[in-house]
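The values are calculated or read from the model by the stated rules, or taken from the named source; none is laboratory data. Just so we're clear, the structure is a prediction, and the values are computed from it rather than from any experiment. Glycine also receives a Cβ, built like all others from the backbone with ideal geometry; neighbour counts cover every protein chain displayed. Please note that ligands, DNA and RNA were not included when accessible areas were found on the heavy atoms of the full protein model with its side chains. Shrake-Rupley method; radii C 1.70, N 1.55, O 1.52, S 1.80 Å.
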Amino acid sequence: MPERSRASSAHISPSAHYTGYVWYRHRLAEPAFVTAFGRFVHKLLWPVTWGARVGFGLDIEAFLLQRHLQIDAQLTAAIEQGGVRQVVEIACGLSPRGRRFCARYPQLRYVEADLPAMAARKRLLLHGEGWLGGEHQVRAVDILAEQGRHSLAALFAELDRRQPVLVITEGLVNYFPLALIEGFWSRLATELRGFAGATYLTELYPDLREHPRYRQLRWGVELIGRLTRGSYPLHYRDHGEIVAGFQRCGFATVQVFDPSADTLSLGLPPARVPGLVRVIQAQV
Ligand SMILES: C[S@@+](CC[C@H](N)C(=O)[O-])C[C@H]1O[C@@H](n2cnc3c(N)ncnc32)[C@H](O)[C@@H]1O
């Protein structure tokens, strides 16, 4: 992997402070997950998010909650009905999911992973609150590293291959061009084939050109790209392209969820516009 791509990927990390603050605002996280930067960015963006909500019915925080709670729901089902006992959350950022699920399921092995600097920050945070240790760990990983100590192979080497595993990425894949992220998915599928059972959960923003708010969506995507000093490409046009894409990467079974279609079961108010985000559950 060229060093240049790896260096640019670190620019994505500040966005974790914003989402971390959103999870806290919606009572999904303890105050320890809040950073001054996250609070500042949330305040800075408030006029934009308010305008999008009032003017166009595009509620950014509602979209974030939809993806977060749909992933929670799939993870809960995998633990309670699918027998999953080990979870790897890649690009965990300042998400409280690891903390919440370890508190709820004390036997669960939960490995949070992110780029080295963010992983160090998360480790410090969890350790400082006395939440780390035992089955809850933090590791450094770079999804673009094809080999070495930050590669997927190194991350999965610690896990029990006789047990099913579930891998999560949230808020990650649309920061990368499709070819790069499909490279990651292919390497991930190869790793997952070594386990007794494996599930991958991610959210994805497709290029929904027929969406009634497509023009505003393009503005939003442009803004996210500028704020993170990169780009925010939308991947695949529809359900069929998503399934075909994941199958090309080595996933045999692919389910696509639109969380806006079932907000009631996620404990959210009804969606005001058709959903922009999809949650993918894929198995090798
Ligand atoms: C938008 S944040 C999402 C954080 C968290 N999952 C959430 O939803 O709140 C994106 C995360 O991706 C991480 N990230 C960026 N590039 C990465 C890479 N190459 N490998 C692993 N993680 C990466 C960032 O450090 C950051 O924590």
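Summary of computed values
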item: With 10 Å bins from 0: P(r) over segment 77-176, alpha-carbon pairs, percent; result: 15, 50, 32, 3
item: Segment 199-284: projected area of the alpha-carbon convex hull, averaged over directions, in nm²; result: 6.5 nm²
item: Ellipsoid semi-axes in whole angstrom, largest first, where each is sqrt(5λ) of the Cα gyration tensor of segment 133-259; result: 29, 18, 13
item: Residue-normalised accessible area of the chain, expressed per residue, 1.4 Å probe, Å²; result: 46 Å²
item: Förster radius 25 Å - calculated FRET efficiency between Arg39 and Arg226, Cβ distance, rounded to 0.05; result: 0.75
item: Tyr214 - accessible surface, heavy atoms, 1.4 Å probe, Å² rounded to 10; result: 40 Å²
item: Estimated translational D of segment 1-107 in µm²/s (Stokes, Kirkwood radius over Cα pairs; 25 °C; 0.890 mPa s); result: 157 µm²/s
item: Cα coordinate range in segment 13-55, projected on the principal axes (Å, largest first); result: 33, 20, 14
item: Percentage relative contact order, the chain, counting C-alpha pairs under 8 Å, at least six apart; result: 19 percent
item: Heavy atoms of Ser265 accessible to a 1.4 Å probe, total area in Å² rounded to 10; result: 80 Å²
item: DSSP loop GluC sites (Glu not before Pro) with at most 16 other Cβ within 10 Å: longest gap in the chain; result: 1-128
item: Residue-count net charge about Val48 - beta-carbon cut-off 13 Å; Lys, Arg +1, Asp, Glu -1; result: 0
item: With every protein chain in place, the chain: carbon and sulfur % of accessible area (1.4 Å); result: 54 percent
item: For the chain, the fraction of alpha-carbon pairs in successive 10 Å shells from zero, as %; result: 6, 29, 39, 22, 3, 0
item: Cα-Cα pairs of segment 141-207 separated by more than 15 Å (percent); result: 54 percent
item: Of the trypsin sites (Lys or Arg not before Pro) in segment 211-266, those whose Cβ has at most 12 other Cβ within 10 Å and which sit in DSSP loop; result: Arg229
